[in-house]
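Enquirer: This is the structure, below, for whatever I ask next.
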Amino acid sequence: MKKTLVWTLTFIIFGFSVLTSGVFAADFPDVPQNHLNYDAISSLTEKGVIAGYEDFTFRPEREITRTEFCALMARTLGYDKDTYVLKDIPFGDVAEDYWGRAYISFCFEKGLINGMEEGVFAPADKVTVAQATKMAVCAVGKGDEALRVNGEKWYSGYMSLAADMGFLASVTQKADENAARSNVAQIVYNMLLSGSLGENEKGDSFDENKKDDVLDETPEETTREELSDEELSEIERVFAEKDFSDVKVILVDAGHNYQGKDIGAENLDYDIREEEITWRIADKLRKHLEAMGYQVVMTRKKMTDSIANSSALDSLQARVDLAHTSFADLFISIHCNIGNGVGTGTETYCFQLGGYSARLAALVQDKISESTGLYDRGVKTANFFVTKNTIMPSILIETGFMDNDNDMKILATEDGQEKIAEAIADAVWDYDMMEPLQIDVAEEEDNDEEA
C-alpha cells in the first residue's frame, strides 16, 4: 500500500497581535466555508500554525509587516528561540533590541531576504505578495533558478516559478499588493502541501521527533477505518495481480466539492466555480470513455454532489479509497489552476517519473495542448495527496488558469470543455494500446523505499 503524508506543523505567532488558541477556521465568523482560502486557514489553524484574535475573528484581509512575515517563515523553517544564535545583519534600521531582530537574522542567514537597499530592511513596511512569494521560493531552494527567468519586474522569475510549483493557487492578490493574512496563509499552506520543502531547508533546529515542527515526511501506513481487514486484504491481493497497461475500470475525479470544506477557485467575471468546470469536463470524459467500452467510476456523479465533506483531507482520502475499492486501473483527477494573473496553460502531474503514471501524463498533456491550443506547461511531479496515495497509475490535470481570460475561453465554454474531455479520452486509448513497461522489480522496490 502507498504511504500517506503526515503533517506536523510548527506553531507560528504573528508577533503583532494577541492570538487565541483552540479556534478553528470553522469558528471564525469572518472566514465562512465558501471563503476561497478556507482550506488553507482551516488546515493551518487546526495544526496550530496560525490563530485568530482575542475577539475570535481571523481578519483575513489584514495586512502584515515584513518583520511579521519573517517571524512566520522563521518558525516554519525550524527557528527555535532557545537554541538559535543571533547573527550580525547588515541592516542599520533594525535596532539591537527590536522584537523581530532574531527572525530577520534567521531569514537573512537562510538567504530568504537581502533588504530593500544597502543597509535598509524597512521592518515596519507591509510585506507584498511578491516579497512573500520570493521568500517561499527561496525557502525551497529555488532562488537561483528564479533569477534565471527573464521578466520585466524583479519578481517575475519568483512569481513564475511559484506559479509552476503551485504556491500561488487560490492567492487572489497581485504581486505588487500588500499581502493579506488570508493570502499569506495560502502561500505557506501551498508551500507545505507541495512537498517542495526538503529536509535541508527546514533549518538547523529541525527535529523530526518534535510535534511542533513544520513538516514530518516520515511515512506512516494509510489508515482506512471504514474498511474491514478482509476488504483491505482483498484490495491488496487484486492490485498485486493487476496489469496496469490493460485498462478496464477508470476512476474519474471531478476536483473539489460543490459545497462544504473542499471547494475550489472562483471566477466572478464568468460567474463560475472550479468545481463546476471540473465536473462538466469529467462528465463529458465519462461519456467518451464509456463509448470506448471502459467502465467509469465518478467521485461526483452530479455537479451538485460532494464527497466526504467533513474536511478537505477527508474528501481527498475518500477519493483515493473509492479508487481502491472500485479496483480502478487508472485514476484521473481534473482541476483548474489559478496563478495571480501571471499563469496560463495546461499541466499534468504525476507522483514520480518513469512509470505508468508518467506515461499517461505525457499522453494527456500532449493531447490537451494540441487539441485546445493551450500553452503546454509540461508534465510535472508533486506530492499531491491523490497521486501519491493511490496504488494504480494516477494523474492530476490542471486544465487551465481560471484567472486568465484566454484560458477561460476554453475552460468556461462547452466547446472548450469538450475538446479537453475528448483529448483525455484519446490519451487513455493510446495508453491502453501501448506495450507494457519493462520495469526492473528490484529497482522499483528501491524507488518505493526512497519515496
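Enquirer: Here are some residues: Lys134, Lys126, Lys110, Lys81. Which one is touching a Cys at 6+ places or on another chain (Cβ under 9 Å) and charged (D, E, K, R)?
Expert: The unique qualifying residue is Lys110.
Enquirer: Here is a further query. Assess whether Gly341 counts as being more than 19 Å from the chain's Cα centre (by Cα), at pLDDT below 90 and surrounded by fewer than 22 Cβ atoms within 10 Å (Cβ to Cβ).
Expert: Spelling it out, it is not the case that Gly341 is more than 19 Å from the chain's Cα centre (by Cα), at pLDDT below 90 and surrounded by fewer than 22 Cβ atoms within 10 Å (Cβ to Cβ).
Enquirer: Tell me yes or no: at least one residue of the stretch 44-54 is part of a loop (DSSP other than H, G, I, E, B), under 18 Å from Ala132 (Cα atoms), out of contact with any Pro (no Cβ under 9 Å at 6 or more places or on another chain) and β-branched (Val, Ile, Thr).
Expert: Scanning the stretch 44-54, I find at least one residue that is part of a loop (DSSP other than H, G, I, E, B), under 18 Å from Ala132 (Cα atoms), out of contact with any Pro (no Cβ under 9 Å at 6 or more places or on another chain) and β-branched (Val, Ile, Thr), so the answer is yes.
Enquirer: Next question. So which residues in the stretch 313-333 are of a type outside the set (Val, Ile, Thr) and part of a helix (DSSP H, G or I), if there are any at all?
Expert: Leu313, Asp314, Ser315, Leu316, Gln317, Ala318, Arg319, Asp321, Leu322, Ala323, His324, listed by residue number.
Enquirer: Restricting the search to the stretch 312-361, which residues are closer than 28 Å to Val149 by Cβ and hydrophobic (A, V, I, L, M, F, W, C)?
Expert: Cys336, Ile338, Val342, Cys350, Phe351, Leu353, Ala358, Ala361
Enquirer: Among the listed residues Ala146, Ala122, which satisfies the condition of being free of Cβ contacts under 8 Å to residues at least 60 places away in the same chain, in contact with a helix residue (DSSP H, G or I) (Cβ under 8 Å, 6 or more places away or on another chain) and surrounded by fewer than 20 Cβ atoms within 10 Å (Cβ to Cβ)?
Expert: That would be Ala122, the only listed residue that is free of Cβ contacts under 8 Å to residues at least 60 places away in the same chain, in contact with a helix residue (DSSP H, G or I) (Cβ under 8 Å, 6 or more places away or on another chain) and surrounded by fewer than 20 Cβ atoms within 10 Å (Cβ to Cβ).
Enquirer: Condition first: in contact with an Asp or Glu (Cβ under 8 Å, 6 or more places away or on another chain) and more than 20 Å from Asn267 (Cβ to Cβ). Now tell me which residues in the stretch 165-183 satisfy that.
Expert: Asn178, Ala179, Arg181
Enquirer: Right, something else. Can we say Lys419 is among the basic types (Lys, Arg) and either at positive phi or at pLDDT 95 or above (or both)?
Expert: Judged against the criteria, Lys419 is a match.
Enquirer: Hey, another quick one. State yes or no: is Lys174 surrounded by fewer than 23 Cβ atoms within 10 Å (Cβ to Cβ), modelled with pLDDT under 85 and more than 30 Å from Thr304 (Cβ to Cβ)?
Expert: Taking the combined requirement at face value, the residue does not satisfy it.
Enquirer: Residues Phe69, Phe56: which one is under 17 Å from Tyr189 (Cβ atoms) and at pLDDT 70 or above?
Expert: Just one listed residue meets the conditions, Phe69.
Enquirer: Given the criterion within 20 Å of Leu168 (Cα to Cα), polar (S, T, N, Q) and assigned to a strand (DSSP E or B), identify the matching residue among Thr344, Thr399.
Expert: Thr399
Enquirer: Look through Ser326, Ser333, Ser306, Ser315 and report the one residue that is among the hydroxyl-bearing types (Ser, Thr, Tyr) and under 16 Å from Gly166 (Cβ atoms).
Expert: Within the list Ser326, Ser333, Ser306, Ser315, the selection yields Ser333.
Enquirer: Collect the residues in the stretch 261-292 that are in a loop (DSSP other than H, G, I, E, B) and either surrounded by 19 or more Cβ atoms within 10 Å (Cβ to Cβ) or of a type in the set (Val, Ile, Thr) (or both), keeping them in residue-number order.
Expert: Lys261, Asp262, Ile263, Gly264, Ala265, listed by residue number.
The values are calculated or read from the model by the stated rules, or taken from the named source; none is laboratory data. Since we're looking at a predicted model, the values are computed, not measured. Neighbour counts are summed over all protein chains in view; Cβ atoms, including those assigned to glycine, are modelled from backbone coordinates with ideal geometry.
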